[in-house]
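J.: Structure incoming, see below.
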Amino acid sequence: MKEPMIALDDVHLTLGSGASTVHVLKGVSLAIEAGESTGIVGPSGSGKSTLLMVLAGLERIDSGTVSVAGAKLNAMSEDQAAAFRGRNIGIVFQSFHLIPNMTALENAAVPLELAGHPDAFEIAARELKAVGLEHRMTHYPGELSGGEQQRVAIARALAPSPKILIADEPTGNLDAATGTKIADLLFQAQREQGLTLVLVTHDAALAARCNREIHMRSGQIEPDATEAATRIVAVNS
């Protein structure tokens, strides 16, 4: 049987200490196939965004296993996880996380430069063109609209040619029309590049565009979603 692109087995995670300790993830098990798009939904505080951070190796779990692209992510050191993330995982945040004193081109080139890629700016320019920003490459984040900033963030995430694209509320800070355009870009990249797309969203329409929806509540995946996760759209359709 082919190994899933992402596999979590009985993952537990607590944050805080003493009286403020919160058991954020409570025995989460999940498998996501290569090329699949998965929408993670649920109320605020259900653990959705924390789950994404675990998938990206940005949060260390207490117990269980996290396997991504055939590697045990939870067994890596922070430096190893960072290097693995740079090669395999692109991340798009709700708040963009662009560097304000860098141009759009410089922001998109950051992960490539960190990896020592010789053609960092050429590749970054190509990705910015792909998201329709060829005329805004020399502009700084403060000179761009929210939708344009998110496009830069998507170009930056895609520049290293990751296997997995993770998006945390990618349309949450955008108006409806702009959010739809951003969603179109994410799903277009998933189809054209064969990416495994995992996104967290409060937008039911965005989640419904995914092959599968995972429902979380109180740090757990709801049983009906685990036992009979319905394919909304066939993979690669």
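J.: So what is the accessible area of the chain per residue, in Å², with the probe set to 1.4 Å? Present the calculation step by step, with values, prior to reporting the outcome.
T.: Working: 11050 Å² over 237 residues.
With the other protein chains kept in place, the chain gives 47 Å² per residue.
J.: Moving on to the next point. What FRET efficiency do you get for Ser63 and Val22 if R0 is 25 Å and r is their Cβ-Cβ distance, rounded to the nearest 0.05?
T.: With R0 = 25 Å, the Cβ-Cβ based efficiency is 0.95.
J.: Could you work out the relative contact order of the range 151-230, using alpha carbon pairs under 8 angstrom and six or more residues apart, expressed as a whole percent?
T.: Numbers: 64 pairs, mean separation 21.2, N = 80.
So the answer I get is 27 percent.
J.: Could you work out how far helix 78-88 tilts from the main Cα principal axis of the chain, as a 0 to 90 degree angle to the nearest 10?
T.: Once rounded, the angle reads 60 degrees.
J.: Under 18 Å from the 7 Å Cα→Cβ point of Ser218, by amide nitrogen: which residues of the range 5-46?
T.: Once the point is set 7 Å along Cα→Cβ of Ser218, 11-15, 21-29, 41-46 turn out to lie under 18 Å by backbone N, inside the range 5-46.
J.: Then there's this: Give me the percent of accessible area attributable to carbon and sulfur for the chain, probe 1.4 angstrom.
T.: 51
J.: Let me ask something additional. Round to the nearest 10 and give me the degree value, 0 to 90, for the angle of helix 146-158's Cα axis relative to the longest principal axis of the chain.
T.: The two axes meet at around 70 degrees.
J.: Grab the Cα-Cα distance for Ala205 and Gln188, subtract it from 0.36 nm times how many residues apart they are, and report the gain in nm with one decimal.
T.: Between Ala205 and Gln188, full extension yields an extra 4.5 nm.
J.: Under the definition of Cα pairs under 8 Å and six or more residues apart, what whole-number percent is the relative contact order of the range 61-197? Write out the running numbers ahead of the final one.
T.: Values: 192 pairs, mean separation 40.0, N = 137.
For the range 61-197, the relative contact order is 29 percent.
J.: Counting only other residues whose beta carbon sits under 15 Å from that of Glu143, what net charge do I get with K and R as +1, D and E as -1?
T.: So the environment of Glu143 carries a net charge of 0.
J.: Please report the accessible area of Asp203 (heavy atoms, 1.4 Å probe, ligands and nucleic acids excluded) in Å², nearest 10.
T.: 70
J.: Rank Thr50, Thr21, Thr178 by mean-square fluctuation in a GNM of the chain with C-alpha springs under 10 angstrom and give only the top-ranked residue.
T.: Comparing Thr50, Thr21, Thr178 in a Gaussian network model of the chain, the most mobile one is Thr21.
J.: Give me the net charge of Leu13's neighbourhood, meaning all other residues with Cβ under 14 Å from the Cβ of Leu13; Lys, Arg count +1, Asp, Glu -1.
T.: -1
J.: How many nm is it between the label spots at Lys181 and Glu78, if each spot is 7 Å from the Cα in line with the beta carbon?
T.: Inter-label distance under the simple model: 3.9 nm.
J.: Let me ask something additional. Out of (1) 48, 42, 37; (2) 57, 36, 33; (3) 53, 41, 30, which label holds the value of Cα extents along the principal axes in Å that was computed here?
T.: Among (1) 48, 42, 37; (2) 57, 36, 33; (3) 53, 41, 30, the one derived from this structure is (1).
J.: Further question on the same structure: Give the cross-link partners of Lys26 among the lysines, using a straight C-alpha distance below 22 Å as the criterion and excluding same-chain residues fewer than 8 apart.
T.: Candidates past the 8-residue exclusion: Lys48, Lys72.
J.: Per the helix-only calculation at 222 nm, which mean residue ellipticity applies to the chain, given -39500 (n - 2.57) for every DSSP H run of n ≥ 4 and division by its residues, nearest 500 deg cm²/dmol? Present the calculation step by step, with values, prior to reporting the outcome.
T.: On the way: 8 runs with 82 residues, N = 237.
Rounded to the nearest 500, the figure is -10000 deg cm²/dmol.
J.: Take every Cα pair under 8 Å in the chain that's 6+ residues apart, average their separations, divide by the length, and report that relative contact order as a whole percent.
T.: On the way: 478 pairs, mean separation 65.8, N = 237.
It rounds to 28 percent for the chain.
The values are calculated or read from the model by the stated rules, or taken from the named source; none is laboratory data. Because the structure is predicted, anything quoted here is derived from the model rather than measured. Heads up, the Cβs are rebuilt from the backbone with ideal geometry, glycines too, and the neighbour counts pull from every protein chain shown. Side chains included, ligands, DNA and RNA excluded: accessible areas come from the protein's heavy atoms. Shrake-Rupley method; radii C 1.70, N 1.55, O 1.52, S 1.80 Å.
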